[in-house]
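Asker: Sharing a structure here in structure tokens format.
The values are calculated or read from the model by the stated rules, or taken from the named source; none is laboratory data. This is a predicted model, so every value here is computed, not measured. Cβ atoms come from the backbone with ideal geometry, glycine included; neighbour counts cover every protein chain shown.
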């Protein structure tokens, strides 16, 4: 299940239209690069900034998308509790988290006791960056600030691997466009969560 752990997103983009200046030629598949990562120790909010470029402007989803390819997923079967078949394309900003254990980074899985679902994640929705760029298929570039609130992920019921003291994490990020093209993966520098 996609439990939202207080994710917020902001972005600034440059739009390229007709006129005297020739717009840049970017690939139709999103390109991203790591910019910076920061931690607010008072709130346990991690902010990741990535840069992005897209050649045809189709970055972003609405929260009320009706197209089946963006739907969250479907319940399976008639027994209770029902299981849930998850659709990863319901979100367009994918986050994988890794924790340092004995000198090796290991994938950090978040779990839930809700019998209908079996995991948390920090994936999210980047809203439509520009309706004009989407309509006209023109290039866009900019950056995305992505906030993740770890204050709700501080018990063994959500992630047994977190010690809540000097946990060293790093993140791998991917961005999808509306045609489900997936960017390359970018990796952040490490950050220490719950510093003591």
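Asker: Is it the case that some residue within region 105-126 is surrounded by fewer than 17 Cβ atoms within 10 Å (Cβ to Cβ), modelled with pLDDT of 75 or more, out of contact with any strand residue (DSSP E or B) (no Cβ under 8 Å at 6 or more places or on another chain) and assigned to a loop (DSSP other than H, G, I, E, B)?
Answerer: For region 105-126, residues surrounded by fewer than 17 Cβ atoms within 10 Å (Cβ to Cβ), modelled with pLDDT of 75 or more, out of contact with any strand residue (DSSP E or B) (no Cβ under 8 Å at 6 or more places or on another chain) and assigned to a loop (DSSP other than H, G, I, E, B): present.
Asker: Would a scan of region 90-100 turn up a residue that is closer than 17 Å to residue 32 by Cβ and at pLDDT below 90?
Answerer: yes
Asker: Also, I was wondering about something else. Residue 3: at pLDDT below 60, part of a loop (DSSP other than H, G, I, E, B), surrounded by 12 or more Cβ atoms within 10 Å (Cβ to Cβ) and touching a strand residue (DSSP E or B) at 6+ places or on another chain (Cβ under 6 Å), yes or no?
Answerer: Judged against the criteria, residue 3 is a match.
Table: residues versus (1) over 17 Å from residue 143 (Cα atoms); (2) in a strand (DSSP E or B); (3) modelled with pLDDT under 85.
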{"position": "8", "(1), (2), (3)": "no, yes, yes"}
{"position": "14", "(1), (2), (3)": "no, yes, yes"}
{"position": "18", "(1), (2), (3)": "yes, no, yes"}
{"position": "24", "(1), (2), (3)": "no, no, yes"}
{"position": "37", "(1), (2), (3)": "no, yes, no"}
{"position": "49", "(1), (2), (3)": "no, yes, no"}
{"position": "60", "(1), (2), (3)": "no, no, no"}
{"position": "64", "(1), (2), (3)": "yes, no, yes"}
{"position": "69", "(1), (2), (3)": "yes, no, yes"}
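Asker: Does residue 85 satisfy the condition of being at pLDDT 60 or above, part of a strand (DSSP E or B) and surrounded by 13 or more Cβ atoms within 10 Å (Cβ to Cβ)?
Answerer: For residue 85, the condition - at pLDDT 60 or above, part of a strand (DSSP E or B) and surrounded by 13 or more Cβ atoms within 10 Å (Cβ to Cβ) - is not met.
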